[in-house]
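FYI, it's all coordinate maths here, none of it is from the lab. Bear in mind the structure is a predicted one, so any value in this text is a computation, not a measurement. Heads up, the Cβs are rebuilt from the backbone with ideal geometry, glycines too, and the neighbour counts pull from every protein chain shown.
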């Protein structure tokens, strides 16, 4: 269903901002951000926005019209991560996680909110990291992992753009390509490993005292949070579930059955994951996905009519498991019955490129619609998952690589105590890259 925020009249600005200020080493506050707020336009409703990376920068689109509202220059191969506050994103780039103000937000006022828009801006604020890796936003907190040092930094989502923010910091025993997530009670689930191997997880309380641990997870990669704050961590032979103070190992049906990317939903106890079963493949093109039930501890595999990649996984508003196949269709899986229920044609057939950084179609859910990029045609499509209708398409003037976005609204839990990543590629090349 197309959500209300996309069908009401939208008054978002269409002016572009192409200037880039150099990030300061100490994360000094951006004066241009403050100026943008002073010049903001009040809107009649929230105005969701999409962000797309391309070779040379980031483009910002109005999610309701697909019109470009900002063009931000930034050299290098950049990654986009949600910050969990409905307004900002964190760009994994040289020097750390740089704060991108997507230029749409809400300000609560009693029993209602006021909505504003402004030009998007790549701010001067940087959360420093030697090798910026996974970012996990959950429940008003956002956890950042530095693959170069093994340091975990956790901050309130509502303060990511504030250089004076308080932060929780934890250092793993050794640097590795890791991941961390903080839960509502302050529990921190964090990976364990070295540069040579990742082996398991540790679970810490709010004072960093160990609650539980497991070393039964070779090739740790990725995470997802399901209903009731159950956390699934991917392994080369299944996964680890952390829930209610205990860790449960889930075995893959194959001796080598790698789950590396997951997509969770608060509406479902089932986590959607990729599934690779050939340890010798240079580039495996899987046609099965994994569904791991965090209540029963069982993994079910679902066959698809086409292969998919690490940018193919998403979850619908009601918890539907969505997979964008190389046949150009969104395959909709019912997580309760664990069956493929329908397929929605969107784009032409395509083939996964050999290099994981190369553009390929991607899917992103925002405000009730699935947005699908098509690099071959330089296009983006908005799809109503409930009806299967592609309700809006537009041509882009760039070749899209990654897609993310912001709601422009107050995110649930974003003011709490002081919250597909679908980052992956060929497992044999993991250690060469800091942010899968």
Centroid-to-centroid separation of the range 220-285 and the range 374-410 [C-alpha atoms, Å] = 27 Å
message = Per residue, how big is the convex hull of the chain when only Cα atoms are used? Give it in Å³.
response = 128 Å³
task = Compute the FRET efficiency between residue 44 and residue 397 as 1/(1 + (r/R0)^6), taking r as their Cβ-Cβ distance and R0 = 25 Å, and round to the nearest 0.05.
result = 0.30
query = By per-residue mean of other Cβ atoms within 10 Å, what is the highest-first order of 343-353, 77-87, 289-299, 132-142?
reply = 132-142, 77-87, 289-299, 343-353
ask   = Where does each of 203-215, 61-73 land if you order them by average Cβ count within 10 Å, highest first?
value = 61-73, 203-215
ask   = Of the peptides 155-167, 181-193, how do they stack up when ordered by the mean number of other Cβ atoms within 10 Å, highest first?
value = 181-193, 155-167
key: Within the range 315-346, backbone nitrogen closer than 12 Å to the virtual label 7 Å beyond the Cα of residue 377 toward Cβ   = 328-329, 345-346
remark   = Per the 1/(1 + (r/R0)^6) rule, R0 = 22 Å and r from the Cβ atoms of residue 249 and residue 211, FRET efficiency to 0.05 is 0.85
query = Can you give the FRET efficiency for residue 174 and residue 67, using 1/(1 + (r/R0)^6), R0 = 56 Å, r = Cβ-Cβ distance, to the nearest 0.05?
reply = 0.75
inquiry  = Using the basic label-point model (7 angstrom from Cα toward the beta carbon), what is the residue 167 to residue 283 distance in nanometres?
reply    = 3.6 nm
